[in-house]
Amino acid sequence: MDDKKSPISSGREDDDQSSFSSSDVQHGVKNIEAISQTWTVWALVAAYVGIFLLAFFTSLESQTTINLTVYATSAFSTHSLVSTVLVVQSVVNAVIKPPMAKIANAFGRLEAFSISVLLYVIGLIQMAASDSVKTFAAAQIFYSAGGTGLQILQQIFIADTTDLLNRALWSSLPDVPFLITVWVGAPLASDLLSHTTWRWGYGIWTMVLPVSFLPLALALALNMRKAKKLGRLPPSPWAGQSFFSAAKNLWYELDIMGLLLLSAAFALILIPCTLAQRAKGGWNNGSMIAMVVVGAVCLVAFPFWESSSRLAPRPFMPPKMFRDRTVAAGCAIAFFYFAVFYTSVQPYFYSYLQVVQNDSIIAAGHITQTFSFTSTVASIITGLAIKFSRHYKYFIIVGSAIYLLGVGLMIRYRREGSSTGSIVGTQIAVGIGGGMLNVPAQLGVQAAVHHGDVAAATAVFLTILEIGGAVGSAISGSVWTANIPKKLSLYLPPEAQADAISIFGNLTLAKSYPMGGLERTAINRSYQETMNILLIIAVCLAIPLFPLSLMMKNYKLNEVDQKVKGVVIGEASRNGDVSSDQTLGSNSGVAQQEKTKSLLNRLTGK
């Protein structure tokens, strides 16, 4: 199973033989390669400081607002629809990554970052001002589009500016803030709920996030200006085009129809799973059936559309890409990894802790986020280990085994009356496994393609990751809405059975009954039995991870040449070296790039 050949002798085809290599390099790729050739060590440091600041504040925002979602939906007496909100988020997270990657490739990295920040802020404003669960869920479209756009663009930027040997370590940089924010987010949410309303929990970030973006924006803008002065920026592909011609090219460049088909397919299939039990007539409701049928048609049509070179000359999910077993296995690992997470940790574990275990908002938030903290530490250590071992596959194999073990232990130790230590212990186990799975699997997918395809491959990987999350959220929502009301009606004492629907829809009401009372005992039993069902499903979804990890090729990363142009952390590609007859044109320019290369090599220990 260990294919230890590198792409120089790696089993990956050369450029002219690659089954999924881009036939021509897009404007945004040429743009970032031109900028990369102007980096100095301090400019690159400034850019990475900007990446860290943006990652820190988006992380703090997410760790704060994740504790507010249940209160926002409860304010509309629809606590059970938290899974619907997460399905909407996951679907948008899935389908926005490819177009955002394509925007980055077609227009440029700075432009794509700016669009993402704008969408993020619009979504936060909408959530803060929402007056119903419908408007709150609708706001997820902009919020998730902006947030997930920033997520993939950070990974694309890191891929642009690192070699493969160092990429696993640097890819963990956006996760480093979780080491702090997982402990700060819950207390901050609690203080906001104590002194103001959940609305301000969303509103404050509309001012903080744009400011945190400025350092990265300045670093990219100034180096773009420098590249332009040196004559390195490529001409705009949109110059001289009519509106109709530009719109037509944009339609093909972003594969808008493919995007619509995929988003409609998953939204229309998964959202009814969380709504059917609440809809009049359940699955016999005509609108539920119609949504699923239309979604299924879109899902069937999607691969046919993507495989047509005439209809989709630039598909965002090229079928040929999946002929490489490393890409296929890596993306499948992403799917099952996140599907398991959204049936075992999110979205109802936080509610379970507050009701069944009687934990406070802060304690429940800390226990839930133990996964994020542990997985971040594990991913950093794994990145260092990959740098020195020069292989990534072994970590995925071990990580998949630990992840499966951790989820299995949840069935035994996530029970009413279990100690906090045992519950946290299972979170630590799945966090270690997750940290050893996610970044190395993404690295393997990136290693299987050439630089022109790295953004597309990263987008495909993260898209399928989010689809897994959407499927997991839909399963959780379906199981929760199918079981909790039925079990409450069965277990509640006769005098409280009329309140079953209200208890189901409102977390605050469910927590209000005293522990040990007949009502609270019935509520806890309903929650516990439903959680057991979800954990059994999570174990089943985790089983494929181990055989999939064995399918990935074991590239020797220091021998992989992705033909990246420009100065990158770890090395300066020979394709990006500046010669005396190139536009930089002076001995001082060559000396500056060589100096930058030397400094970066020393920083990375090469």
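The values are calculated or read from the model by the stated rules, or taken from the named source; none is laboratory data. On a predicted model such as this, the values are computed, not experimentally measured, just so you know. Note that each Cβ is placed from the backbone with ideal geometry, even for glycine, and that neighbours are counted across all protein chains shown.
For the reader, a short list of remarks on this structure follows.
- Meets criteria (β-branched (Val, Ile, Thr) and modelled with pLDDT of 80 or more) for Val117: yes
- Candidate set from segment 320-348 (those that are out of contact with any helix residue (DSSP H, G or I) (no Cβ under 6 Å at 6 or more places or on another chain) and not in a loop (DSSP other than H, G, I, E, B)); member that is nearest to Ala459 (Cα to Cα): Lys320
- Test for Tyr348: is it under 21 Å from Leu507 (Cβ atoms), in contact with a Leu (Cβ under 9 Å, 6 or more places away or on another chain), crowded, with 23+ Cβ neighbours inside 10 Å and touching a residue at least 24 places away in the same chain (Cβ under 8 Å): yes
- Checked against (1) in contact with a helix residue (DSSP H, G or I) (Cβ under 8 Å, 6 or more places away or on another chain); (2) farther than 30 Å from Tyr555 by Cβ, Ala459 passes all but condition (2).
- Number of residues in segment 506-526 that are of a type in the set (Gly, Ala, Ser) and under 32 Å from the mean Cα position of the chain (by Cα): the value is 2.
- Those residues of segment 417-455 which are modelled with pLDDT of 85 or more and more than 24 Å from the chain's Cα centre (by Cα), in sequence order: Ser419, Thr420, Gly421, Ser422, Ile423, Gly425
- Count of residues meeting criterion [closer than 29 Å to Ala189 by Cβ, outside any helix (DSSP H, G or I) and not polar (S, T, N, Q)] in segment 352-397: 2
- Selection from segment 491-521 of residues that are surrounded by fewer than 14 Cβ atoms within 10 Å (Cβ to Cβ) and of a type in the set (Asp, Glu): Glu495
- Annotation: Val182 fulfils all but one of (1) over 19 Å from Val92 (Cβ atoms); (2) of a type outside the set (Lys, Arg); (3) surrounded by fewer than 20 Cβ atoms within 10 Å (Cβ to Cβ); the unmet one is (3).
- Check on Thr343, surrounded by fewer than 17 Cβ atoms within 10 Å (Cβ to Cβ) and hydroxyl-bearing (Ser, Thr, Tyr): no
- Single condition Ala290 does not satisfy, out of (1) at pLDDT 75 or above; (2) assigned by TED's automatic domain parsing to the domain that holds Leu124: (2)
- Qualifying residues in segment 73-96 (those that are farther than 22 Å from Thr343 by Cβ and either surrounded by 24 or more Cβ atoms within 10 Å (Cβ to Cβ) or of a type outside the set (Gly, Ala, Ser) (or both)) - the one modelled with the lowest pLDDT: Phe76
- Scanning segment 350-363 for residues that are at pLDDT 85 or above and among the aliphatic types (A, V, I, L, M) yields Leu353, Val355, Val356, Ala363.
- One residue from Gly444, Gly408, Gly435 being of a type outside the set (A, V, I, L, M), more than 22 Å from Asp359 (Cα to Cα), assigned by TED's automatic domain parsing to the domain that holds Lys102 and in contact with a Phe, Trp or Tyr (Cβ under 6 Å, 6 or more places away or on another chain): Gly444
- Candidates Ile333, Ile396: the one that is over 30 Å from Asn67 (Cβ atoms), aliphatic (A, V, I, L, M) and surrounded by 24 or more Cβ atoms within 10 Å (Cβ to Cβ) is Ile396.
- Residue that is modelled with pLDDT of 90 or more, buried (at least 21 other Cβ atoms within 10 Å of the Cβ) and touching a Phe, Trp or Tyr at 6+ places or on another chain (Cβ under 7 Å), where the choices are Ser526, Ser549: Ser526
- Put simply, of Ser478, Ser489 the only residue that is within 24 Å of Leu68 (Cα to Cα) and at pLDDT 80 or above is Ser478.
- Taken over segment 369-391, residues that are touching a residue at least 60 places away in the same chain (Cβ under 8 Å) and touching a Phe, Trp or Tyr at 6+ places or on another chain (Cβ under 7 Å) amount to 5.
- Residues of segment 303-328 satisfying the condition of being surrounded by fewer than 22 Cβ atoms within 10 Å (Cβ to Cβ), at pLDDT 85 or above and among the hydrophobic types (A, V, I, L, M, F, W, C): Phe304, Trp305, Leu311, Ala328
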